[in-house]
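The values are calculated or read from the model by the stated rules, or taken from the named source; none is laboratory data. Source: prediction; values computed, not measured. Heads up, the Cβs are rebuilt from the backbone with ideal geometry, glycines too, and the neighbour counts pull from every protein chain shown.
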Amino acid sequence: MNTLSMDASAPNLLRCYWLEAKCEFLRMVRTPSYAIPVLAFPLVFYMMFGILMQHGHDAAASRYLLASYGVFGAMGASLFGFGVSVAMDREHGWLTLKRAQPMPPGAYLLAKLLMAMVFIALIALLLVALAVGVAHVTLTVAQAMQLVAIDVLGALPYAAIGLYIGTRMGARGAPAFINMVYLPMAFLSGLWMPLQFLPAAVRRLAPVWPSWHHAQLALGVAGSTTEGAPWMHVAYMVGVAAVFFTLAARRLRRVG
Amino acid sequence: MDMNSVRLGGLQGAVKSYGPVRALDGVDLDLRSGEVLAVLGANGAGKSTAISLLLGLALPDHGRADLFGESPQAIGARRNVGVMLQQAGIPPTNTVRELLDLACSYYPQPFGVLESARMAGIDDLLDRRYGALSGGQQRRVQFALAICGRPRLVFLDEPTTGLDIDARQALWRAIRALVDAGTSVLLTTHYLEEADALANRIVVLDHGKVIAEGTPREISARVARSRIRCMSALSPELVATWPGVDSAAREGARLQVVCEVPEPIVRRLLAEDSALSGLEVTATGLAEAFLALTRADTEEAA
């Protein structure tokens, strides 16, 4: 049973975390209202705007959109993966039951984070496959791996924002509200088209959005032009994650 | 009281308010080993709040809650405890096996998936998704999740609400088997027959206070009543003043009298109304006993 643990009064915690993540992943993969849009949006958009609309082999746009739709995919998987499911779990009592059970601390949130990261990695890999296979973007293996890693690690600020929304909204309102955050933020961060095609005010506002910083990191790896220093982008994203996570944690402690 | 029983936890002077509503108003509650304790009360009496405090889901405003000598919020304390709440919100897309496997992993010495499924009578449902199950089957899955960790103490918050009679009795059998194996149970219910069928001890909560405590027999004896019905012209206002009569009322042509000992009242009714007919005496059940208890309290409060 539990031969690895020295303490007979405690279960094998690694196994708890693993099963928690596995359950969460299987739950969401079988939830079409989550899995289909989260996977399909970035891929279909990439095929339309990154491949079909690029007459010939315009590697620059295909390259740009490979990076930006990867970020877009990370946003969707994390915002919806946290926001909607946390709102549902709060409203329907699953979170209460989990808190009453001897679930190890953090397992609930870690499971959701890992679930979202698996989805993001899947989206990133499929985008890379489309870019290389269909759009003929040239990419080294190291570049592809870095892109996947940046997409996956970039989940943190969106996860924290999603979590906070999930602690504030009911299960019915959460999806609509998240769309109101998700789609405008993606557009205003230049994920659908480069910011130089957008009004100056939008360009000036862009550094507010964590997804703009995330996109700069991804664009840098994909070989497009970027603004700002990488460490600043990372710091900003970590800061946003910390702020929203703190707000959400406080809300969860107080209200449940 | 069984001298061998050990105190497992409980509430001491627990007070908990939600906004202006005082859900618990100074409740003492002891959970003892080898015991099925039924916490009875109407909706809003404070049963679920008591459970929340005992499980560490909420902290008392005053007083204290403890489990196995620790704060209920300590994970070590809750590793001895299994839980079935009223609202489970279990993800519908997970299979029963996945859910049980996960719940088992939280405990140091769980029964395991197969054994807990067998105990809850859901062995044939393991590979079904939770959302595809009937209400009764879902309840049994929740019961399996509560017992799968080989807990020393199980909290069952209104376990059979909404179940049909067969499903309810199946769950009662499962609870009895669990108790026979040495698990202690705290059960909340608003079904008296459930408390009567399962519990060694009953605590009646009303408006956040303990208004009665004892064995099921003691509780019903405390408030056992008889109801006399007859066709009579006697005025209920008059009958209500007779010694030994709790209450008298008119239901259409019938006079209804509630009392503790019916024989002297029947004798007097027959003596005072020679035209009396359709006499009928019934013992009030536990349900009426319970109603009498909570009503008396409400009237005092009013």
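Below, the figures for the structure above:
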quantity: Residues of region A:94-113 satisfying the condition of being more than 14 Å from chain B (Cβ to nearest Cβ) and over 10 Å from the mean Cα position of the chain (by Cα); calculated: A:Leu109
quantity: Scan of region B:116-140 for residues that are within 12 Å of chain A (Cβ to nearest Cβ) and either outside any helix (DSSP H, G or I) or modelled with pLDDT under 95 (or both), ordered by number; calculated: B:Arg129
quantity: Boolean, A:Trp94 is closer than 30 Å to B:Cys148 by Cβ, free of Cβ contacts under 8 Å to residues at least 12 places away in the same chain and crowded, with 18+ Cβ neighbours inside 10 Å; calculated: yes
quantity: Test set (1) crowded, with 21+ Cβ neighbours inside 10 Å; (2) within 12 Å of chain B (Cβ to nearest Cβ) - A:Leu127 fails condition number; calculated: (2)
quantity: Members of region A:188-200 found to be modelled with pLDDT under 95 and in a helix (DSSP H, G or I), listed by number; calculated: A:Leu195, A:Gln196, A:Phe197, A:Ala200
quantity: Residue tally, condition out of contact with any Asp or Glu (no Cβ under 9 Å at 6 or more places or on another chain), within 14 Å of chain A (Cβ to nearest Cβ) and touching a residue at least 40 places away in the same chain (Cβ under 8 Å), over region B:39-58; calculated: 5
quantity: Meets criteria (within 13 Å of chain B (Cβ to nearest Cβ) and either within 18 Å of B:Leu102 (Cα to Cα) or outside any helix (DSSP H, G or I) (or both)) for A:Glu91; calculated: no
quantity: Verdict on B:Val204 being modelled with pLDDT of 85 or more, of a type outside the set (Ser, Thr, Tyr) and crowded, with 19+ Cβ neighbours inside 10 Å; calculated: yes
quantity: Within region A:136-159, tally of residues that are of a type in the set (A, V, I, L, M) and more than 10 Å from the chain's Cα centre (by Cα); calculated: 10
quantity: Residue count, region A:220-256 (criterion: among the aliphatic types (A, V, I, L, M) and farther than 30 Å from A:Gln143 by Cβ); calculated: 6
quantity: Some residue of region B:54-75 being in contact with a Phe, Trp or Tyr (Cβ under 8 Å, 6 or more places away or on another chain), outside any strand (DSSP E or B) and modelled with pLDDT of 90 or more; calculated: yes
quantity: Matching option when the condition is within 20 Å of the chain's Cα centre (by Cα) and within 28 Å of A:Met28 (Cα to Cα), among B:Ala146, B:Ala174; calculated: B:Ala146
quantity: Where A:Pro184 falls short, out of the listed (1) in contact with a helix residue (DSSP H, G or I) (Cβ under 9 Å, 6 or more places away or on another chain); (2) within 18 Å of A:Pro42 (Cβ to Cβ); (3) of a type outside the set (Ser, Thr, Tyr); calculated: (1)
quantity: Residue under evaluation A:Gln54, criteria (1) touching a helix residue (DSSP H, G or I) at 6+ places or on another chain (Cβ under 6 Å); (2) part of a helix (DSSP H, G or I), criterion not met; calculated: (2)
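A quick yes/no check of all residues on (1) buried (at least 18 other Cβ atoms within 10 Å of the Cβ); (2) not charged (D, E, K, R):
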| site | (1), (2) |
| --- | --- |
| B:Asp123 | no, no |
| B:Leu126 | yes, yes |
| B:Ala132 | no, yes |
| B:Arg139 | yes, no |
| B:Ala144 | yes, yes |
| B:Val154 | yes, yes |
| B:Asp164 | no, no |
| B:Leu186 | yes, yes |
| B:Glu193 | no, no |
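Let's see how each residue does on (1) farther than 10 Å from B:Leu40 by Cβ; (2) acidic (Asp, Glu); (3) out of contact with any Leu (no Cβ under 7 Å at 6 or more places or on another chain); (4) outside any strand (DSSP E or B):
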| residue | (1), (2), (3), (4) |
| --- | --- |
| B:Ala167 | yes, no, yes, yes |
| B:Trp172 | yes, no, no, yes |
| B:Ile175 | yes, no, no, yes |
| B:Val179 | yes, no, yes, yes |
| B:Glu194 | no, yes, yes, yes |
| B:Ala197 | yes, no, yes, yes |
| B:Ile202 | no, no, no, no |
| B:Ala212 | no, no, no, no |
